[in-house]
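Novice: Got a structure for you, written out below as structure tokens; questions coming shortly.
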Amino acid sequence: MAKIDALFKVMLDEGASDLHMASGQKPALRIHGEIKPFDSHNVLDHYQLRTMLFEITPDNKKADFEKTGDVDFGYELPGVARFRGNMFQQKFGCAAVFRQIPSKILSTQDLGLPSILTRAAMLRKGLVLVTGPTGSGRSTTLAAMLDHANRNRKDHIMTIEDPIEFVHQGQGCVVNHREVGVHTESFTTALRAALREDPDIILIGEMRDPDTIRLAVEAAATGQLVFGTLRTTSAVKAVDAVIEAFSYEEQGKIRTSLSTSLKLVVAQNLFRRIDIKGRCAALEILVCTNAIATLIREEKTFQIASAMQSGKTAGMQSLDDAILDLLNKKWISPEEAYEKCNEKAKFASFLNTPPDELT
């Protein structure tokens with residue numbers, strides 16, 4: 001048993017999403033969005049923490065850490081939970097953050113996801129993007145969608161991640177998980193190989209570079225259902241991020257390809273619930289209808305947000321509408337709704353004390 005396992009068990013007992021460890025400080029947990037230190041734990045110095053972390057770090061990742069100063073890796077407590085870790089160097093020594101990846105995959109029903117997401121999981125081809133800031137629950141949403149496909153289709157699912165997060169056992173589908181740096185050299189290498197491995201569904205843990213994005217769009221256009229993630233705060237910005245990953249000379253071609261392959265973009269934000277312990281997600285949903293495809297192709301993505309307002313019958317939903325729904329249910333606080341919404345004036349009336357910029 002690794003020494004750090006005791007901290008992971010406390011993390012699970014407390015219902016924490018993240019474990020923070022830094023040289024010169026006590027370990028801390030993020031519980032329902034807030035950081036809480038281990039008051040009873042000693043301050044960790046660099047050598048203590050490095051020894052504790054290196055006990056669970058794969059050998060090849062240790063070499064990467066020594067070379068670059070930061071590295072991602074996965075760790076598992078068998079039968080309990082998986083953890084996604086990032087170890088990095090900082091001013092006072094090494095540090096690390098671990099995110100809990102539950103062993104049980106929550107269904108779309110468990111998460112209260114709209115039915116359009118389960119319909120997207122049954123598409124025969126196309127690109128589905130799930131986007132949001134770090135810690136917004138993108139992986140959980142994707143896992144639920146992939147689980148729906150696994151249970152209701154008879155196909156081949158291939159995941160490419162760094163590191164592997166949720167582990168899906170084959171139900172109706174054959175499922176293969178590949179980890180960058182362990183089972184394959186890079187996202188691009190794995191994606192090129194995947195196209196020769198008869199996949200029906202491909203999950204790309206993160207679309208980081210033009211080559212990976214290009215291959216994902218091509219695969220989505222030619223017969224695979226491709227799920228990918230980006231770190232943007234809105235659906236429109238996700239579309240722009242895909243296009244702007246390429247040089248100006250290439251953008252015309254990628255706009256055309258994206259307009260035909262993109263099916264759905266989900267941008268989400270997590271909120272702290274005030275009625276019960278826990279958090280909930282507000283989802284912005286962009287469906288690539290013919291009208292949206294035309295805007296992408298004709299370099300008018302700045303008009304997509306307006307087009308979404310008239311696309312509600314197609315399943316589209318703005319972030320503000322999703323936040324307003326949670327606020328009306330009394331699940332979230334007016335203060336956090338105001339903080340994370342786009343149109344501040346729309347939510348100011350819910351506040352007991354109007355913010356300075358409006359008074």
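Bear in mind that the values in this text are calculations on the coordinates, not laboratory data. Fair warning: this is a prediction, and the values are worked out from it, not measured in the lab. Positions of Cβ are generated from backbone atoms using ideal geometry, with glycine treated the same way; all protein chains shown enter the neighbour counts.
Novice: Quick one: what are the phi-derived ³J(HN,Hα) couplings along region 72-79, Karplus 6.51/-1.76/1.60 with θ = phi - 60°, whole Hz, x for glycine and proline?
Specialist: 9, 7, x, 9, 10, 9, x, x
Novice: Would you work out which of Pro78, Thr57, Gly126 lies farthest towards the positive end of the dipole of region 53-176? Charges go on Cβ: Lys and Arg +1, Asp and Glu -1.
Specialist: Result: Gly126, furthest along the dipole toward the positive end.
Novice: Tell me the volume per residue, in Å³, of the convex hull enclosing the alpha carbons of region 262-327. Numbers along the way, then the final one.
Specialist: On the way: hull volume 5.6 nm³, N = 66.
About 85 Å³ per residue, rounded to a whole number.
Novice: Determine, from the Cβ-Cβ distance of Arg151 and Asn176 and an R0 of 22 Å, the FRET efficiency 1/(1 + (r/R0)^6), rounded to the nearest 0.05.
Specialist: 0.80
Novice: Which loop-located trypsin sites (Lys or Arg not before Pro) does region 93-145 contain, where loop means any DSSP state but H, G, I, E or B and the Cβ has at most 14 other Cβ atoms within 10 Å?
Specialist: Details: sites: Arg99, Lys104, Arg119, Arg124, Lys125, Arg138; in loops: Lys104, Arg124, Lys125.
Passing sites in region 93-145 are Lys104, Arg124.
Novice: Which log10 I(q)/I(0) values does the chain give at q = 0.07, 0.09, 0.10 Å⁻¹ under the Debye formula, counting every alpha carbon as one identical point scatterer?
Specialist: -0.33, -0.55, -0.68
Novice: Same structure again: At 222 nm, what value in deg cm²/dmol follows for the chain if DSSP H runs of at least 4 each add -39500 (n - 2.57) and the sum is divided by all its residues, to the nearest 500?
Specialist: Counting only the DSSP helices, I get -10500 deg cm²/dmol.
Novice: Any idea how far apart Ile31 and Lys125 come out in nm if each label point goes 7 Å out from Cα toward Cβ?
Specialist: The answer from the label model is 5.1 nm.
Novice: Here's a follow-up. Given H placed 1.01 Å from N in the peptide plane, which residues other than close sequence neighbours of Gly126 have an amide H under 5 Å from its amide H?
Specialist: Gly223, Gln224, Leu225, Val226
Novice: For the pair Ala305 and Ala6, how long in nm is the line joining their label points, each one 7 Å along Cα→Cβ?
Specialist: Once both label points are built, they end up 5.1 nm from each other.
Novice: For Val80, Val265, what's the fewest-to-most ordering of other Cβ within 10 Å of each Cβ? Could the numbers behind the result be given before it?
Specialist: Details: Val80 14, Val265 27.
Placing the least packed residue first, the sequence is Val80, Val265.
Novice: Return the percentage of antiparallel bridges among DSSP beta bridges fully within region 108-317, rounded to the nearest 5 %.
Specialist: Given both bridge residues lie in region 108-317, the antiparallel proportion sits at roughly 30 percent.
Novice: While we're on this one: For region 113-118, just list the computed ³J(HN,Hα) in residue order, Karplus coefficients 6.51, -1.76 and 1.60, θ = phi - 60°, integers in Hz, with x standing in for Gly and Pro.
Specialist: Couplings: 6, x, 5, 5, 6, 6 Hz.
Novice: Between Thr353 and Gln109, what's the calculated FRET efficiency when r is the beta-carbon distance and R0 is 51 Å? Round to 0.05. Could the numbers behind the result be given before it?
Specialist: Working: r = 38 Å, r/R0 = 0.75.
Computed FRET efficiency for Thr353 and Gln109 comes out at 0.85.
Novice: About the Cα centre of region 108-317, how large is the charge dipole given +1 on each Lys and Arg Cβ and -1 on each Asp and Glu Cβ? Please answer in debye to the nearest 20.
Specialist: Its charge dipole is roughly 700 debye.
Novice: Could you check which residue among Leu215, Leu129, Leu264 shows the biggest mean-square fluctuation in a GNM of the chain with a 10 Å Cα cutoff?
Specialist: Leu215
Novice: Another question about this same structure. Kirkwood hydrodynamic radius (Cα pairs, Å) of region 108-317? Kindly include the intermediate steps, with their values, before the conclusion.
Specialist: Working: mean 1/r = 0.0579 Å⁻¹.
Kirkwood hydrodynamic radius for region 108-317: 17.3 Å.
Novice: Counting other Cβ atoms within 10 Å of each Cβ, which trypsin sites (Lys or Arg not before Pro) in region 255-337 have at most 13 and sit in a DSSP loop?
Specialist: For trypsin sites (Lys or Arg not before Pro) across region 255-337 that sit outside H, G, I, E and B with at most 13 neighbouring Cβ atoms in 10 Å, the list reads Lys277, Lys300, Lys329, Lys330.
Novice: Turning to a different aspect of this structure: From the residues Ser40, Ile201, Thr229, which one has its Cα farthest along the dipole of the chain in the positive direction, the dipole being from +1 and -1 charges on Cβ of Lys/Arg and Asp/Glu about the Cα centre?
Specialist: The one lying farthest along the dipole's positive direction is Ile201.
Novice: To continue, here is another question. For region 227-239, just list the computed ³J(HN,Hα) in residue order, Karplus coefficients 6.51, -1.76 and 1.60, θ = phi - 60°, integers in Hz, with x standing in for Gly and Pro.
Specialist: Along region 227-239, the couplings run 9, x, 10, 9, 9, 10, 9, 8, 5, 5, 5, 5, 4 Hz.
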